[in-house]
Amino acid sequence: MLKRLDLRGRNGRLADLLPRPRAGDLVSHDAVRQLIDEVRDGGDAAVRNLTARFDGVDLAEPLVPVNELEAAWVELPSALRLAMETAHRRILEFHEGEASAGHTHERDGVTIRSISQPVDRAGIYVPGGLAAYPSTVLMTVLVARAAGVDDIVLCSPPGPDGSLAAVVMAAAHLCGVTEVHRVGGVQAVAALAYGTETIRPVDVVAGPGNAWVATAKQLVSGDVGVASAFAGPSEIVVIADATCPPAAAATDVVLQAEHGPGGRAWLVAWDETYAGAVCAAISEIVELSPRRDETLATLEADGFVCLVGGPAQAVEVANFVAPEHLQIMCDGAEDLVGNVRHAGAVFVGPWAPASVGDYVAGPSHVLPTAGTARFAGALTADDFTKRMHVVDVTEAGFDELAPAVAALAEAEGLWAHAASVSRRKEWATNGVRP
């Protein structure tokens, strides 16, 4: 079911030998823009109509009552509550530690303070439909919390009965979110970006989604902040050799593919016999999976087994693909990490499956997809903050720098810029303090 790519002994640019979809090619921008405009112009009525069209339910009131969120948490099995609390603790600790601290720079009478300021309101998108993702609630809301954002709204598509999955509502309660709307798809992104009668607009939109959701976030970018580049359908590249049992490598190729159509799954190996064993194991695993159809759709459309000349070329392939998840399970795995330049997250060795990162390791599992890891990274607290610089200048510092300011301003023909420094000394000489 995986397409075979053989690079052994072949010369040339990887761009000419390997497929790599571009984020902008996945769905029609015009179609997404039309849906965004419907919500922007029609507000709540448009959101309701689009929810009926795409989710098959008519919701007059999409807001989830707060008491339902609390009840969902209380009714969770104790083992699942413990798992969520474990993830909550580890995720929040990691992102609070990673959050950018302030910085002060002093030189020649000039003091500059760099202050990280959180946005006022963040909008979180949590996918639904094919599965329920409480982990995404944790992996997004807690990042915003670590950044200092107090006002957080969450949107997620309703199920066939019009409700949200209990585990999603429970996770929202655990994270302290009290505003949860049963709205999904492009209409959710548009509502968060531009607001409706009942959903106030946000400053930043974050969270993964299908290609339509990811494209919608691209199109509203600029009107609202959009975190973590193109966080679309899930992807993985597994680099493995015979030191990793074929069934283990096969399971890890499949684990991201089971999210469903639109993603990508690669096995990269340099031993043809081993690669064949992994592919055979993949076929067996897929047949056993409760999500067989979704997994098979991903693997048949964008599943690849790539044979390479050795570990170094395997890393070259990974850098070209720039995957959301890169898993390295081979002899000398740690030695290869230094050459990885483009990946959302890297998992090293036999005890670090990507699923650990998906749930409890700590860093957010909201990662760049569709090759955007070439220029973007994981969701972090920085996505919910902006830098504000505070500049304080002493008179001695002003005297030191004023000539340079005047010279540069005059070179650009900006008279008032130059006068702002030259006149200040005149004012001071006349006893007038600026």
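The values are calculated or read from the model by the stated rules, or taken from the named source; none is laboratory data. Computed from a prediction, not measured in an experiment: that's the story for all the values here. Using ideal geometry, Cβ is built from the backbone for each residue, glycine included, and neighbour counts are taken over all protein chains shown. All accessible areas refer to the heavy atoms of the entire protein, side chains included, with ligands and DNA or RNA removed. Shrake-Rupley method; radii C 1.70, N 1.55, O 1.52, S 1.80 Å.
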Discussion item. Checking the cross-link filter: which lysines have an alpha carbon closer than 21 Å to that of residue 217, excluding same-chain neighbours under 8 positions apart?
Written reply: 386
Worksheet entry | Charge dipole magnitude, Cβ of K and R +1, D and E -1 - the chain, Cα centre, debye nearest 20 | 580 debye
Worksheet item: For segment 170-216, what does the alpha-carbon gyration tensor say about shape, rounded, prolate or oblate, given a ≥ b ≥ c as the root eigenvalues, a/c under 1.5 as rounded, and a/b over b/c as prolate?
Response: oblate
Fill in: Label of the coordinate-derived value, Cα extents along the principal axes in Å, listed as (i) 88, 60, 44; (ii) 82, 44, 40; (iii) 92, 47, 45
(i)
Response to the item:
Among GluC sites (Glu not before Pro) in segment 74-121, those in a DSSP loop whose Cβ has at most 16 other Cβ atoms within 10 Å are 75
Worksheet item: What accessible surface, in Å², does a 1.4 Å probe find on residue 389, ignoring ligands, DNA and RNA and rounding to the nearest 10?
Response: 120 Å²
Worksheet item: Over segment 323-393, what percent of the accessible surface lies on carbon and sulfur atoms, probe 1.4 Å?
Response: 54 percent
Worksheet item: With every protein chain present, what is the per residue accessible area of segment 151-192 (1.4 Å probe, Å²)?
Response: 23 Å²
Item to complete: Take every DSSP beta bridge with both residues inside the chain and express the antiparallel ones as a percent of the total, to the nearest 5.
Response: 30 percent
Discussion item. Taking 0.36 nm per residue of sequence separation and subtracting the Cα-Cα distance, how much length would be gained by fully extending the chain between residue 14 and residue 283, in nm to one decimal?
Written reply: 94.1 nm
Item to complete: Would you list which aspartates and glutamates come within 20 Å of residue 425, measuring only between C-alpha atoms, while excluding same-chain residues fewer than 8 positions from it?
Response: 108, 392, 395, 399, 400, 410
Worksheet item: So what's the convex hull volume per residue for the Cα atoms of segment 277-434, in Å³?
Response: 238 Å³
Fill in: Global geometry of segment 31-145, whether rounded, prolate or oblate, following the gyration tensor of its Cα atoms and the 1.5 cut on a/c
oblate
Worksheet, complete the sentence: Once residue 150 and residue 392 are pulled to full extension, the length gained, defined as 0.36 nm per residue separation minus their Cα-Cα distance, is 84.2 nm
Worksheet item: Where the only charges are on Cβ atoms (+1 Lys, Arg; -1 Asp, Glu), what is the dipole of segment 1-81 about its Cα centre, to the nearest 20 debye?
Response: 1060 debye
Practice prompt. Quickly work out the residue 331-to-residue 31 label distance, labels modelled 7 Å from Cα along the C-beta direction, and quote it in nm with one decimal.
Written response: 4.9 nm
Response to the item:
Placing each pseudo-label 7 Å from Cα in the direction of the beta carbon, residue 426 and residue 273 end up separated by a distance in nanometres of 8.9 nm
Worksheet entry | Using a Förster distance of 45 Å, the FRET efficiency for residue 61-residue 374 (Cβ separation, nearest 0.05) | 0.55
Discussion item. With unit charges on the beta carbons (Lys and Arg positive, Asp and Glu negative) and the dipole taken about the Cα centre of the chain, which residue among 80, 256, 59 sits farthest to the positive side?
Written reply: 256
Item to complete: Quick one: check the C-alpha center-to-center distance for segment 287-358 versus segment 85-137, whole angstrom.
Response: 27 Å
Practice prompt. Can you bin segment 209-329 into rounded, prolate or oblate? Criterion: square roots of the alpha carbon gyration tensor eigenvalues sorted a ≥ b ≥ c, rounded for a/c under 1.5, prolate for a/b above b/c, oblate for the rest.
Written response: oblate
